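Worksheet for the structure shown next.
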Amino acid sequence: MRSSGENTRFVIVTGGVLSGIGKGVTTASLAKLFQFRGYSIRIIKIDPYLNIDPGTLNPIEHGEVFVTDQTWTFQPVNDFSFRISEIDLDFGTYERFTGIDVHPSQNITSGQIYTSVILGERKGSFLGRTVQIIPHVTDQIKSRIWDVVNKQPIPDVLLVEIGGTVGDIEAMPFLEAVRQLAREVGRDRIAFVHVTLVPYIHSVGEFKTKPTQHSVRTLQGLGLQPDIIVCRAEAELSRSARDKIALFCNVPEERVISNPDISIIYKLPLNFEKQGLGDVLIKHLHLEPHSPETESWAKIVESFQGHNKTLVIAMPGKYTSLSDSYKSINDALAHASAETKTKVQIKWIETEQNCDTECLIDYMTDVDGVLLTPGFGERGVEGMINAASISIEQRIPFLGICYGGQLGTVAFARSVMHWEGAHSTEVDPHTLYPVVDLLDEQRAIEDKGGTMRLGGQEVKIVEGTRLHSIYGSSLVRERFRHRYHLIARYIDRMKEKGLIISAYDESGHIINAVELEKHPFWIGVQYHPEFNSRPGQAHPLYVAFLRAAMEYKRMREN
Ligand code: GLN
């Protein structure tokens, strides 16, 4: 199974007690500790659900779907394949922390594993044998892990985050697979990091370690002894809690790491470094000790601190009940706020209930910019269109992302062109003015999974536009995830009233961005610039949007 990668070290991250306690940020921060020392890394995330990829999941349940630059053809057997570019949102965190683009094959799901095994059985890959979880499913898991290791250039360290919580039925085969992996590579080449929640009970003024003890015992029952325990808590772990966890969970005290709530998540690698975790990992994995270079990262962290000029950015949309639904957008705004030395306060406007113009105007009186969010379907759409119309009339800086850009254009068609009932055919298939319609290549497609126009594409920017001056370039690459697009014959007619095309795709057929000529800042894009934004390298479009919001605020207040 192994061909190369003989020297690669492994870090396996499991979760205990609760999900959603920041295992992704912890994994990304562990990766950073190796990068500080000049070691190359790659990260796998295992999602034990049965979906092939998260593309069809509701963002309210699982958070946003992250889109990679590259697309991958997952081919469980010769004549069967799926295109994957939509992966778990933790990969956004990995890219932002490590600065390295991920490949979709780094997100392994139970759906992919079982499909390979079951279709393989029909092809005769296991002739004569009973196909079982152990060894066939676990072999498939290990072979997928080795595929990621052996992709050139082979990383010094591979980190594997196992989604969910130890004890979940569906994660069992993965825990068994990493137990086998540890046997095969040797315990000195693999480190098990367990991330747990240590609740603080205010009435007794005490940290409670029992849930951690139980989850570690569950792990031990599966043949896995954690080497390091990362304790999520609302505050710095007390000495006595640390000692107790060390004793009961069978790890030395210096390997019980405190991970309290922090306001700037990018600080976590530095907190780990301060507790000596980098050196502990290096020693455990028998890597040569290098002194860590943390200065440039510390500078980035610093850029997020101490700004008090607040900008209020409205985000009208339907997935406002879970902020992770727009994780990359929130983060891109944070990166841009660090760059512009402002503090961004997001004002979620739930547009299913709050949709009429009067109520929206009321909501938007203290707003410095409107970011119209990506999305699908009918719910909340009228409110989003109304919010975009208000941004046009009141000259509020506007950035429309994907669906937001499409609906912003619908707003222009209705309120400026006076095309009554103009719409996207995604919502109104019978509109008289279908300014947004299906991409031609989508007409014959019925399956919903992995079938959108996906991944990184070249974007040609029209010279002389505001967008061109923002990028300072005529050709950029951005990430896409859509089925519908702006229809040129309508957009061309909008020109006389000031809406112009600012970018096309490579072929010149798909409109990739529009903007208003006589507006201080009004841009709608078909792509998702947020996926390319990084701390210390904020996306220029988000930076320009916040600068326009600053200017608008200054005028509003004078
Ligand atoms: N629903 C729109 C489309 O499919 C926009 C998608 C999005 O916002 N990602 O084209």
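The values are calculated or read from the model by the stated rules, or taken from the named source; none is laboratory data. Because the structure is predicted, anything quoted here is derived from the model rather than measured. We place every Cβ from the backbone using ideal geometry, glycine too, and count neighbours over all the protein chains shown. When the accessible area is computed, the model is the full protein with side chains, heavy atoms only, and any ligands, DNA or RNA have been set aside. Shrake-Rupley method; radii C 1.70, N 1.55, O 1.52, S 1.80 Å.
Here are the numbers for this structure:
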item	result
Sequence-separation-based contact order of segment 44-192, relative, with Cα cut under 8 Å and 6+ spacing, percent	29
Relative contact order of segment 440-514, pairs being alpha-carbon contacts under 8 Å that are 6 or more residues apart, as %	31
Estimated inter-spin distance, residue 58 and residue 463, nm [label 7 Å along Cα→Cβ]	5.0
Percentage relative contact order, the chain, counting C-alpha pairs under 8 Å, at least six apart	15
Accessible area in the full protein assembly, largest first, 1.4 Å probe, for 8, 71	71, 8
Positive dipole terminus of the chain, leading residue within 190, 109, 429 (C-beta point charges)	190
Cα gyration tensor, segment 410-558 - rounded (a/c under 1.5), prolate or oblate	oblate
Long pairs among 210/267; 318/347; 208/244, criterion Cα-Cα beyond 19 Å	210/267
Ranked order, 310, 73 - accessible area, probe 1.4 Å, largest first	73, 310
Protection-proxy order for peptides 155-161, 503-509, each taking the mean of Cβ atoms within 10 Å per residue, highest first	155-161, 503-509
Top positive-direction residue, dipole computed over segment 307-380 with Cβ charges, set 355, 380, 325	325
Simple Cβ-charge dipole of segment 108-188, Lys/Arg +1 and Asp/Glu -1, about Cα centre, in debye nearest 20	320
Residue-level accessible surface for residue 494, protein heavy atoms, 1.4 Å, Å²	0
The chain: angle of helix 239-249 to the longest principal axis, Cα-based, in degrees nearest 10	60
Farthest toward positive dipole pole in the chain [+1 Lys/Arg, -1 Asp/Glu at C-beta], among 514, 60, 76	76
Given charges at beta-carbon only (K, R positive; D, E negative), |dipole| of the chain in Debye	1140
Whole-Hz couplings from phi, Karplus 6.51/-1.76/1.60, listed for segment 28-37; x for Gly and Pro	4, 6, 4, 4, 4, 4, 6, 4, 4, 9
Loop trypsin sites (Lys or Arg not before Pro), segment 463-558 (other Cβ atoms within 10 Å of the site Cβ: 10 or fewer; DSSP)	518
Cα centroid of segment 514-558 to Cα centroid of segment 103-171, whole Å	42
List 359, 402, ordered by accessible area with a 1.4 Å probe, largest first	359, 402
DSSP beta bridges in the chain [antiparallel fraction, %, rounded to 5]	40
Charge dipole (debye, nearest 20) of segment 310-418; +1 at Cβ of Lys and Arg, -1 at Cβ of Asp and Glu	300
Ranked by how many other beta carbons lie within 10 Å on average, peptides 145-153, 376-384 from highest	376-384, 145-153
